[in-house]
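Laboratory data are not the source of any read-out in this text; all were calculated from the coordinates shown. Note that the structure is predicted; figures quoted are calculated from it, not measured. Virtual Cβ from ideal backbone geometry, glycine too; neighbours counted across all protein chains shown.
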Amino acid sequence: MSYEFYKVLHLVAIIWMFVSLGAHGLFASLSSKAERPDLARLLAISHGLALVVALVAGFGLLARLGILAGWPIWVFGKLGIWFLLGGITVFYKKSQAPVAIKLGVTVLIGICGVLLAVLKPV
């Protein structure tokens, strides 16, 4: 597969993940969430699938860039961000912080990921 294919797939998965996280964050703030366990499950599945697609496409991009061994620091940073975004739903569920704070933290993590992807610090 081409570099462009992996790049588009990676970006689509990231958009998908942030949309599902936004919906998950808003859903976690609703008082009637106990009435909709099916929606909670659907959001969790959507988030997980988006994470897997983003990871696979990201490794496809690394292969197309010829980075197979001796990963640069930015790759480890992106993996760390992937883990943070994978576990952030726990923060949504357990934290008593307002939804704006929860979503703001998510956006800040996303900005860090964008900076690492664009600047690629050694």
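Using the basic label-point model (7 angstrom from Cα toward the beta carbon), what is the residue 63 to residue 1 distance in nanometres?
In this crude label model, residue 63 to residue 1 measures out at 0.9 nm.
Please compute the modelled spin-label separation between residue 35 and residue 90, points set 7 Å along Cα→Cβ, answer in nm with one decimal.
Placing both labels 7 Å along Cα→Cβ, they lie 3.1 nm apart.
For the modelled label position 7 Å from the Cα of residue 118 along Cα-to-Cβ, which residues of the stretch 77-95 have backbone nitrogen atoms closer than 15 Å?
none
So what are the radius of gyration and Dmax for the Cα set of the stretch 3-119, in Å?
Rg and Dmax of the stretch 3-119, Cα atoms, are 15.3, 49 Å.
In nm, what is the difference between 0.36 nm times the number of residues separating residue 83 and residue 111 and their Cα-Cα distance?
Extra length from residue 83 to residue 111 when fully extended: 8.6 nm.
How many angstrom lie between the Cα centre of the stretch 18-66 and the Cα centre of the stretch 82-122?
13 Å
Just from its helices, what would the mean residue ellipticity at 222 nm be for the chain, if runs of 4 or more DSSP H residues each count -39500 (n - 2.57) and the sum is divided by every residue, rounded to the nearest 500 deg cm²/dmol?
Roughly -28500 deg cm²/dmol at 222 nm, from the helical runs in the chain.
Taking 0.36 nm per residue of separation and subtracting the Cα-Cα distance, what length does fully extending residue 19 through residue 99 add?
Between residue 19 and residue 99, full extension yields an extra 27.3 nm.
Sort largest first and round to whole Å: the equivalent ellipsoid semi-axes of the stretch 61-105, each the square root of five times a Cα gyration tensor eigenvalue.
Over the Cα atoms of the stretch 61-105, the ellipsoid semi-axes are 32, 9, 8 Å.
If you take the charge dipole of the stretch 3-119 about its Cα centre, with +1 on Lys and Arg Cβ and -1 on Asp and Glu Cβ, which of 112, 70, 44 is farthest toward its positive end?
Checking the options against the dipole of the stretch 3-119, the answer is 44.
Using Cα atoms only, what is the angle between the long axis of helix 3-29 and the major principal axis of the chain, expressed in degrees (0 to 90) to the nearest 10?
Helix 3-29 sits at roughly 20 degrees to that axis.
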